[in-house]
Amino acid sequence: MRLVRALGSFALLIALAAVASAQDKKAADDLPALLTATGLVDKADKESLSVKPRGADGKFQKTLVLKVTGTSKVAVLAPQKRGDKTVLTQREADAKDLVTGQTVAVVYAEAGKDGAVLLTAVAHPAK
């Protein structure tokens, strides 16, 4: 009798583990893909960032419009001279601080009907 109960409990645990694993996989499948682009700022304001990405061949592609949210992070490369070495640092910035023609690299995700959302951007200093 004890053996039957033990085997029944074990079978129940295995079934629950299988269901949990399937739910974890489904949740991972629901996550949007992370995408990257490098190019030039076309337009920037507090609500959106438009980037002209360069393709692998070096030619500009169709302009990419990214929605700026409260969790979007923007930084500007700020090299510093420390002794004989140049140390690469970043300073925080707002998307609206970026200017047309500034070189930028972005990480973004497609948010379905809301379009592409900016996750993070790093730009060279404006000229």
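Computed from the coordinates by the stated procedures, all read-outs in this text should not be read as laboratory data. All of these numbers come straight from a predicted model, not from anything done at the bench. Because the Cβ atoms are built from the backbone with ideal geometry, glycine has one as well, and the counts that use them run over all protein chains shown.
Within the stretch 110-127, which residues are part of a loop (DSSP other than H, G, I, E, B) and under 24 Å from Val99 (Cα atoms)?
Selection gives Gly115, His124, Pro125, Ala126, Lys127.
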Q) Within the stretch 97-104, is there a residue that is surrounded by fewer than 13 Cβ atoms within 10 Å (Cβ to Cβ), within 17 Å of the chain's Cα centre (by Cα) and in contact (Cβ under 8 Å) with a residue 12 or more places away in the chain? A) no
